[in-house]
Amino acid sequence: SRPRAQSLARGSSASPPAMALEAPIVDRVLSEFRRADRTGHGVIERGLLEGVLQRLGMGHQEVAALLDGGRGCERGSAVAYGPWLEWVLEAKPIKRRGEAERRRFLTEVWAPFAEELRRFRADAYARHERGVAAHEVVPPHAVVADLAARCLQLTEQWHGRPNASAFYEAFMDVAQLDGHSGYRFETIAQSRSQDGVTRVLDMSARMRLYGQAQAKGAAPALIGLLPQAAGESPIDNLVLPGLMRRREALRLLVGHRVQQLFLRLVVAKQRRLLARLGCGRDEDEVRRRVGETMGHEAEQSVAIACLLSSGRVLESYGQLPAEGRDRAAEFLAAEICRQAAPEPEIDDELGEFLEHCRKHPGRSFRASPVQHKLMLLKGLACPALRLVFRSTLERFTQHKYFTMRWARTVPLQMLEGDKFVTLRGVGTSEWSRFRKNVFAYGESHGLGQGGGGCAELPGCRPGGLRYELGTLLCEDEAAKVPNHRATDIEKIIRECRLLNPEGGSADALAGEVLHDVGQNPVVASSIGQTQHTQVMRASVADFPLVAERGSPRWREDLGAWLDVVQVGESQDAFFLSARTREPDSQALLEFLVGFRAHFLRAFGSTVDFSAMCLPTADGEFVVYLAPVACLKKLSVEAGQGMGNLPVDFQNPETGVLASKLQLPVSSVDCSQGKGNVLAVTPEFFELALAGRPMLQRLYDLNRRPGARVVADAFLCRQ
């Protein structure tokens, strides 16, 4: 049948799609073709072919991509399946095709998209400079999702494998303007050790701001704005709950409408004033003319005061003076309470359900999906409550995010007592949701959160109940896995693949850069309830420790160089390194997950892991896995701890204290473990500049005694 497919081939200018069918599927397709081709003329009805491809597991969009404009599809309702199949088999990424086709893609397809990303950034910065409301700075969620999806689509055409590297960079740059970030990473002082192994960051500002955030109480009631805190942790707020008290909904929606009405009145007055003065758009001229003719009225007129300060017509309620906004909020809050009907009472059970939806979004009430849906219907029927659709709430949400989907091929398990519990099984569809880390300690530092128990763009569109009810439907509550004790090796690797161009820096598109992904052990993770990885713009070249080699050994069955790299003086102070071009291969994933499970069987809950995946410029990846002891944080008297601070860390297996080793930090994690050191005092900054000798002591502190013996036993058995 394959020679026949070749003999039926005809020349075609159409480019095959980036998605090529694999050989086993090709054989199955040919078998189906022969059964369907009753005339023997090598032609099959398009409807039948669509059915064949759908039975093979393809979605409607994938089928359309393979049939629209493909070779052999010129006859309309009939498809010459020989030429079509050869066209599919020829599929290869554009970067490996002829120079003319490469140039056409770069100039006609990617360059316009790169310009869109540039405008995406520039417009957000311009809005921020003009002082619009915080939730209006970053573009709406739907715009973000569309750009991310198009980036994946275009990079798949170019590389043969999708990645969101270019969009991730643009998004993280814009997201730091959302009003949550206390500082920008580029303002943090940093220095390299003399041996180049450590990069030391002056994180005293981060420590101060982080402490302030931890000390904050619940968000106050707002007018025309939405409290941004919700969920089981400080980052479990990507989708805010839409079920709320009636008066809370009035403060949000009616308050917003009144604010917008006031804004329109002020804008109309400003335009009349400018028309009377004959002013153009020059801001300096506007300020001068308004000051000369109306400056004395500025205290009595918001419209004039704003023209004097900015020189332009208002575009956002957030541009009004803060004092004026506060007075208006107080007035509206009082009026809404006075004018609104008395707040109806709700029974205790419904009140408990409402509180549950706020504190545990995406989880079923009392662990019962049936009871949850019954209570949701009861809440919708209750006159004291209001449902605000998700697409409406997103307009008031400061923190934006984008998603990427992948399928799990190895189970995610954690140890409970002496038994393994499967949190996510093979074949589970996963969402990685990327947001800005507001306390960044790396370039383009983001978080890769797991699923939130609700439908996501682009898999589900706004307007339908699945999307609009959001976390209230608890669509996949098992996706809300914990971060502590659940090192998700596959998630780390999948996200690293999705955020790096295929082949590394060679043939990378404009805007594409390299990113690493990691997950911290418990001692370095302040948020245990919500799974999240740490993502930064970095590669192996940035952190020489990860590039070190001991005695690497090629494993043909894994397609990887395996190595045990000893960092500390103790043989137990090491990390496992797997260097490969295919870190997400089934064999390697099973090996790495098995390595972790082997340690958990040997040490139980007394071992933890620092896990990372870092790219190289030539298209390889280094998967890093360090088994570490579960360090304990100790409160001590002032002057007795690390750097004279009232805190110390102890390895419970060895009894060694961090303060005794003259260390600036305590944990081997996905930042310090690679040499990106966070120093919170000048003394710590100087200690960290010692470079590799300091990391040697750090790994010795974190070692799990007996780890090397267990690792060697696993490697020998494998």
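The values are calculated or read from the model by the stated rules, or taken from the named source; none is laboratory data. Predicted model only: the values in this text are computed from it and were never measured. Here the Cβ is made from the backbone with ideal geometry for all residues, glycine too, and neighbour counts use every protein chain on show. In case anyone asks, the SASA skips ligands and DNA or RNA and just uses the protein heavy atoms, side chains included. Shrake-Rupley method; radii C 1.70, N 1.55, O 1.52, S 1.80 Å.
Residues in region 409-450 that are open to solvent by 10 Å² or more (accessible area, probe 1.4 Å), in contact with a Gly (Cβ under 9 Å, 6 or more places away or on another chain), under 25 Å from residue 500 (Cα atoms) and part of a loop (DSSP other than H, G, I, E, B): 409, 411, 437, 438, 439.
The requirement of being in contact (Cβ under 8 Å) with a residue 40 or more places away in the chain, over 22 Å from residue 490 (Cβ atoms) and part of a loop (DSSP other than H, G, I, E, B) is fulfilled somewhere in region 373-385, by at least one residue.
So, residue 311, is that one crowded, with 16+ Cβ neighbours inside 10 Å and in contact (Cβ under 8 Å) with a residue 60 or more places away in the chain or not? No.
Condition check for residue 399 on (1) of a type outside the set (Gly, Ala, Ser); (2) surrounded by 15 or more Cβ atoms within 10 Å (Cβ to Cβ); (3) without any contact (Cβ under 8 Å) to a residue 60 or more places away in the chain: one failure, at (3).
Out of 545, 473, 499, 509, one residue alone is open to solvent by 10 Å² or more (accessible area, probe 1.4 Å) and either under 21 Å from the mean Cα position of the chain (by Cα) or at negative phi (or both). It is 473.
Scanning region 669-701 for residues that are of a type in the set (S, T, N, Q) and either without any contact (Cβ under 8 Å) to a residue 40 or more places away in the chain or under 21 Å from residue 441 (Cα atoms) (or both) yields 671, 672, 676, 681.
Kindly establish whether residue 472 is farther than 28 Å from residue 441 by Cβ and touching a Leu at 6+ places or on another chain (Cβ under 8 Å). Yes, satisfied. Listed by first and then second residue, the pairs linking a residue in region 632-651 that is closer than 14 Å to residue 662 by Cα and of a type in the set (Asp, Glu) to a residue that is surrounded by fewer than 16 Cβ atoms within 10 Å (Cβ to Cβ) and at pLDDT below 90, with Cβ atoms under 8 Å apart and 6 or more places separating them unless they lie on different chains, are 648/640.
This table checks each residue for (1) open to solvent by 40 Å² or more (accessible area, probe 1.4 Å); (2) closer than 30 Å to residue 508 by Cβ.
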residue	(1), (2)
621	no, yes
634	yes, no
640	yes, no
648	no, no
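Taken over region 650-688, the criterion of being open to solvent by 30 Å² or more (accessible area, probe 1.4 Å) and closer than 21 Å to residue 605 by Cα is satisfied by 650, 652, 653, 654, 655, 656, 657.
When region 212-231 is filtered for residues that are open to solvent by 40 Å² or more (accessible area, probe 1.4 Å) and either farther than 16 Å from residue 399 by Cα or at pLDDT 90 or above (or both), the ones remaining, listed by number, are 212, 214, 215, 216, 217, 218, 220, 221, 222. Pairing each residue of region 82-109 that is more than 18 Å from residue 511 (Cα to Cα) with any residue that is modelled with pLDDT of 90 or more and crowded, with 20+ Cβ neighbours inside 10 Å, provided the two are 6+ apart or on different chains, yields C-beta distances under 8 Å for 93/158; 93/159; 93/502; 101/94.
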